[in-house]
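The structure appears below as structure tokens.
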Amino acid sequence: QVQLVESGGGLVQAGGSLRLSCAASGRTFSRYAVGWFRQPPGKEQEFVASISWSRYNTYYADSVKGRFTISEDNAKNTVYLQMNSLKPEDTAVYYCAAERSGIGSRRVNEYDYWGQGTQVTVSS
């Protein structure tokens, strides 16, 4: 069993930065890949970034590549999403999720555990 808690969302102006945190509990968390997804208002959930169980491989959606960075602090069992150069279209509820296979899939239905989400609002 893995529990995930996101934090760090908020309101920021376009061009600004935020860092989201995904704190995990569970003995086997290090064997899971972790993904960040988001759901913009009125739209479906979409992939943002992921990191494989080895923490060597990272993947990004084209829309955030070069602006967002996913990383982990193993000692704190926390995965981060550093978001720079934010745009109004980044406005969404952001979720972190854990994937048992460890690959770091881009597919929502490949993930086994989800956090409650954190709101990110980017004003123009």
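If you add up the charges near TYR94, with Lys and Arg at +1 and Asp and Glu at -1, over every other residue whose beta carbon is less than 12 angstrom from its beta carbon, what do you get?
Local charge sum for TYR94: -1.
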Using a probe radius of 1.4 Å on heavy atoms only, what accessible surface per residue do you get for region 1-65? Whole Å² is fine. 54 Å²
Stretched out fully, how many nm does the piece from ARG19 to ASN109 gain, at 0.36 nm a residue minus the Cα gap? 29.9 nm
Over the chain, what percent of the accessible surface lies on carbon and sulfur atoms, probe 1.4 Å? 46 percent
Please report the relative contact order for the chain, taking Cα pairs under 8 Å with a sequence separation of at least 6, and give it as a percent rounded to a whole number. 36 percent
Remind me, relative contact order of region 30-69 in percent, using alpha carbon pairs under 8 angstrom and six or more residues apart? 34 percent
Per the Cα gyration tensor, region 58-111 corresponds to an equivalent ellipsoid with semi-axes, largest first in Å, of 20, 15, 11
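The values are calculated or read from the model by the stated rules, or taken from the named source; none is laboratory data. Everything quoted here is computed from the prediction, not taken from an experiment. All Cβ positions, even for glycine, are placed from backbone atoms using ideal geometry, and neighbour counts span all protein chains on display. For accessibility, only protein heavy atoms count, side chains too; no ligands or nucleic acids. Shrake-Rupley method; radii C 1.70, N 1.55, O 1.52, S 1.80 Å.
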